[in-house]
Amino acid sequence: MSRQNTSKSVPARDSQRKRKGGPKRRHSHGYIQSKSRPRRHRRRNSHCRPSRARVQALVDPRQVLQWWGQQGVYRATEFQTDLRPGGKWRTAGVNAEGRNFEASGEYLEIDPPRLLVYSWVASWTGEAKTTVRWELHPDKKGTLVRLRHYGLAAHPELAKSYSGWPRMLGWLQALLERGETCDDRKPAQAN
């Protein structure tokens with residue numbers, strides 16, 4: 001289900017320009033291309049930490065529960081993983097209204113510390129199955145973390161449900177760079 005994207009990455013400051021494929025909508029930590037293309041978010045982390053530590057923060061249950069959430073938005077309260085191609089993962093939590101949610105899938109590609117790809121099915125979007133791809137590229141300024149969520153073009157009505165990826169990238173960065181956890185964050189209002 002992985003799909004290579006041949007379009008160039010564009011910094012967020014260029015996201016207001018009109019380009020082939022229609023206008024871009026700007027987000028705080030990345031950009032979203034038009035509905036006909038996959039959603040992509042890009043975040044450059046400013047401190048040089050090993051990519052392996054970043055991958056562990058995505059799959060280690062203890063670490064995931066430290067960064068995935070904020071009071072007033074949503075918060076993961078469970079995370080289970082069988083980290084191997086074909087292995088399953090599952091997270092559960094509570095949203096801002098106090099309702100339970102769940103997301104789960106299967107690991108499709110694992111190449112630590114550079115790549116993690118898994119399928120994604122979430123309780124708030126029904127049975128729609130999409131693919132999430134994390135790419136980690138060390139460079140002189142730190143590690144470029146690129147998140148791509150594929151398959152939303154087949155379900156355009158769901159695209160708005162996934163506007164929280166930039167926020168999640170910020171939470172991940174806060175844990176890795178400052179040790180900030182869900183409990184350290186001030187309550188926020190859900191979008």
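For the stretch 105-128, backbone nitrogen atoms closer than 20 Å to the point 7 Å from Ala159 Cα along Cα-to-C-beta are found at 120-122, 124-128.
At full extension, Lys140 and Val121 could sit 3.3 nm farther apart than now, given 0.36 nm per residue minus the alpha carbon distance.
Separation of the stretch 153-176 and the stretch 98-136, taken as the distance between their Cα centroids, equals 11 angstrom.
Quick note: the coordinates plus some simple rules give every number you see, no bench work behind them. This is a predicted model, so every value here is computed, not measured. Don't worry about glycine lacking a Cβ; one is built from the backbone with ideal geometry, like all the others, and counts go over all protein chains shown.
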